[in-house]
1. Would you list which lysines come within 22 Å of residue A:372, measuring only between C-alpha atoms, while excluding same-chain residues fewer than 8 positions from it?
2. Hand me the GluC sites (Glu not before Pro) from the range B:407-460 located in a DSSP loop with no more than 11 other Cβ atoms within 10 Å, in residue order please.
3. Only Cα pairs under 8 Å and at least 6 apart count here; give the relative contact order of the range B:388-457 as a rounded whole percent.
4. Can you list residues whose amide H is under 5 Å from residue B:234's amide H, if they're 5+ apart or on another chain and H is modeled 1.01 Å from N?
5. Write down Rg/Rh for chain A, rounded to two decimals, with Rg from the C-alpha atoms and Rh from the Kirkwood relation over Cα pairs.
6. Sorted by mean Cβ packing within 10 Å, highest first, what order do the peptides A:26-38, B:219-231, A:386-398 take?
7. Just order B:112-120, A:194-202 by mean Cβ neighbour count inside 10 Å, highest at the front, would you?
8. Just flag the trypsin sites (Lys or Arg not before Pro) in the range B:63-131 sitting in loop per DSSP whose Cβ has no more than 11 other Cβ atoms within 10 Å.
Protein chains: 2
Amino acid sequence: MAYFDAASAAPLHPVARQALQASLDEGWADPARLYREGRRARLLLDAAREAAAEAVGCRPDELVFTSSGTRAVHTGIEGALAGRRRVGRHLIVSAVEHSSVLHSADVHEAAGGSVTQIPVDRAGRVSPSVYAEALRPDTALACLQSANHEVGTEQPVAAVAEACRAAGVPLLVDAAQSLGWARVEGDWSLLTASAHKWGGPSGVGLLVVRKGTRFSPQGPPDERESGRAAGFENIPAVVAAAASLRAVRAEAAVEAGRLRELTDRIRGRVPELVPDVEVVGDAIHRLPGIVTFSCLYVDGETLLHELDRAGFSVSSGSSCTSSTLTPSHVLKAMGVLSEGNVRVSLPPGTAEEDVDRFLSVLPGGVSAVREKLGAPTAPAKTSAAADTLVVDSLGKRCPIPVIELAKVIGDVPVGGTVRVLSDDEAARLDIPAWCEMRGQEYVGEEPMEKGTAYVVRRLA
Amino acid sequence: MAYFDAASAAPLHPVARQALQASLDEGWADPARLYREGRRARLLLDAAREAAAEAVGCRPDELVFTSSGTRAVHTGIEGALAGRRRVGRHLIVSAVEHSSVLHSADVHEAAGGSVTQIPVDRAGRVSPSVYAEALRPDTALACLQSANHEVGTEQPVAAVAEACRAAGVPLLVDAAQSLGWARVEGDWSLLTASAHKWGGPSGVGLLVVRKGTRFSPQGPPDERESGRAAGFENIPAVVAAAASLRAVRAEAAVEAGRLRELTDRIRGRVPELVPDVEVVGDAIHRLPGIVTFSCLYVDGETLLHELDRAGFSVSSGSSCTSSTLTPSHVLKAMGVLSEGNVRVSLPPGTAEEDVDRFLSVLPGGVSAVREKLGAPTAPAKTSAAADTLVVDSLGKRCPIPVIELAKVIGDVPVGGTVRVLSDDEAARLDIPAWCEMRGQEYVGEEPMEKGTAYVVRRLA
C-alpha cells in the first residue's frame, strides 16, 4: 500500500494531529468574545497567525485564514481585482494555473473583464519576458503559481514579480504546492496556500495581502479575519495548520533531497522500463516529490485501476479520468501527450522500497492495459499501398484513435497521409504528441460535420 | 467556571471529538479520487450526508456541507436569488435575522434589488399575517430564522412557510440555533445551519436546497458538493458534525426539558433579585437554553467583566460590547432596553448549581456596576421647580444618558418635560425603553446639529 498522490492531499502530519487534538479543548469558543474561553481562543488564533506569517515571510496582519485554498484564491483574485477596478479590468494568468484561478478568471471575463493567458513551454514553464510583455496600463492583477500541481514544474516567480512590480501591477502567487517546502521568493503582493497540501488538516487556506496592496473584499461583509474570510474561525484546524507548516519546514531540506532522488529515479527508469512513454515537466526546475509521465496507447483510468489493485494510489490528467472527458488543461497547454497519463506525487516520508516496487509493477500494468486495447506492440509493417488512408475513430475514446493511427501508418508510403476521424477531445492533443514522439509529421486538423479529421504525414 | 454562551459556540460534544479523531485517519484524502484512500473518504462523506439529511428531514442529495453557517447563508441567499432572477428581485427578511442574512440583504440591495424587513413584536416574533402581506409577485426569496440567536424567541416558521408556498415563493430558514433541538417543521425550501452551535466542530455548515427549488450558485464554479460549496471537503469535521448532531438529538427531549426549567428559573428570579431589570424575548415560544435580560443603569461591558471575574461567560447585545458602538439590531427591532444587556445561553449538560450560583452572583455584580456609574438607587425626589429641563449627555456613552435622565426626572413637575441631549446611538433605544419601564411618556426625538434631543414627559 503506497499513497503517491500527495499533490491532491497529504496525509495528516503527526504534529497536525497533536496540535488539533490539543486545541479542541481550548480553541472552540468565539475569539471575538471577551470572557476567558474567548480570550484563550484568541491567543491560539494569534499564535497560529504569527507562526504561519513567519513561515510565509510576511507580517501577521497581512495573513488571514480561509476555509480552503480554493476559497483563498477566489477571495484573493476577486478582492484584488475590485481594489484596482479604477486602474482597469485586465487580468493575467498563466495557462497552467489551478482550476480555482482559471475559474475566477472565467467569472471575471463573463462580467466584462479581459483576461490574458500566458502560454507555457513544453516543460510547463512561463517565460518571464513573455509574461512581462503582457502587462498593460489597465492590468489590475497578475497571477502565477509557484509550481505546477500536475507536473511539478516551478515557475520563475521572482522574475515575474520584478516585472510586475516595475509595472505597478500586484502579483498573486498560488503557492499551494510549494509552501510546505519553502517561502516563495520575490516581491509578490498576494499569496494563497492550502494546509492539506502540506500535511495540515482540511478546511484551512491562507490568504496573504501585503501592506500597500489595494484590496476590496466582495460579498456580504463579515468582521472576522479582517473582513477577508467570512464565518466562524476554525481555530483547532488553524492551529494544526500552522504547527504542521512549521514542522514540515523543519524537515524540508533533508526530505526534499531524498524525494528528489526518488523522483529522479522514476524519471530515469520509467522510459527504460516501459516503451513509448513521455516523461513531462521540467527536469531541473521542479518540486521534489512530483513526477508525471504519459504512456502511449494506454487508457489512463484503466491504468489507475491496475495500479490501485497493485497497491499504488496515483492520479492522472488523462481525459478518461475527468468528469468532462477532456484532458488536463495543463497537459494541453504544454502540448504533451495526455493518454495514459500518470502523476506520481510522493508524500514526505515515502519509503524507497515503495518507489522501487512501483517501478517493478508499472511495466506489467501498462502492458496489460495495452494488450486489452489491442495496442501495436511491434513497429507497423511497411507494406504500402494507397498513398492516403482514412481511419474512422468516431465515437471511440482515447487512446483508441491513436492506437488505430499507429496500426495503419505503415500502410501508407513515406510521404503519404493518414486522416484520423475523431470526436474525442483528447485526440487534438494526443495525435500531434504521437507524431512528435514517433517522428511523423502532424499536418493539421480539418473540421467535419461530426468530429474532426487529424491529418498525419508519414516521414519514416 | 461556567460557560453560558452556547448560542455563540457550544463546547465540542464528546461524540464529535471521537468521530473527528477516528476519521482523521480515513477522511483526509480527496473523495473525488478512485483509489482506495479516495473511496474511503467518499464513503465517510456519503455516510455523514445521509446522517445529516436524516436529522434535517431531507434527501441526502438536497444537502451540502459548507465551511460555516455564515457561508451557507451567503451561498443560499445568493443562489436562490440568482435562480429566481427572472421572477423578480424582491427579498424578504425579518428584522431580527442573523447578521449573515442581513448583510446578504444589504449586498442585494446595493446591487439594485429590493428588500422588505418584517418587523417583530416586543417579544421578537414576526406575525405570519404581516409576513404574508409582504409577499409580492416579484418576490424571489423570503428568509426567516427558526429561532432568534439573541433572545431565543421561536418564529412561526410553519405558518410563514405555508404562506410562502401558496405564493410560490421559496422560504429559506436559518436554523442555526434550533437544529440541534429538532427538525424545522413546515414546508420550507432552503435551510441553513452551523455545526459548532450544536456541539459539532468549527468549520462545518449545512445548506439544504429542496428539489424543485430554483438555485443558481454564484462565483467561480467548483465541482465539489454539487457546485454549492467550493473547496476541498473537510471530511473529518463533516463526520464529526453529523455524528454529534445525531447524538445531541438523541438527548434533546430530556435536555430541553431540563434547560427550560433552568432558564425559567432565571426568567423568574432575576427580576426579583435585581431591581430595574427587563427580561426580553417570548416567554412561551422560545429555545430551551436561552434567556436574555437588560439591566437599567448598567454598562454591559463592565457587567460582562464582573461576571467573567465571578466565573461566568455570557454575552451581551449592549452597544458598548459591539465594535460599532450600536446596540444589537435584534433588541432595537424589539424596541426593548439594550443597556446592561445579558444573554445567558446554557449548553446541554449545564449544572443546576451553576445556574443557582449565577443567580447569587448577579445582584452584586449589577449593584457594583451601578455604584461605579452613580446610578440612582432611590426613586428620584419630587422637588419640582422648572417645568422643563435639559440634560446634556453629549459625548457620554450608554448607560450614562439614561442614568442622568433618571436622576432629574423628579426635578420637573408631573406634565413637565426633560430633554436629554445625546450622540450615543443606544440612547435612541434605551430612553424610550426606560419610559416604558418607568411609566413615563416618551414624546419623541428632535435632531440637533450634534446628536439628538430625546424628549420625555413626566407622568408620575
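1. Those lysines meeting the cut-off are A:381, A:396, A:407.
2. Details: sites: B:425, B:436, B:441, B:445, B:449; in loops: B:425, B:449.
Within the range B:407-460, the qualifying GluC sites (Glu not before Pro) (loop, at most 11 other Cβ atoms within 10 Å) are B:449.
3. Values: 117 pairs, mean separation 23.9, N = 70.
Worked out over the range B:388-457, it gives 34 percent.
4. none
5. Rounded to two decimals, Rg over Rh is 1.02.
6. Ranked from most to least packed, the peptides come out as A:26-38, B:219-231, A:386-398.
7. Ranking, from highest mean packing down: A:194-202, B:112-120.
8. B:86
Since every read-out is calculated from the coordinates, none of them should be taken as a lab result. This one's a predicted model, so the numbers in the text were calculated from it and none came from an experiment. Neighbour counts run over all protein chains shown; Cβ positions are idealised from the backbone, glycine included.
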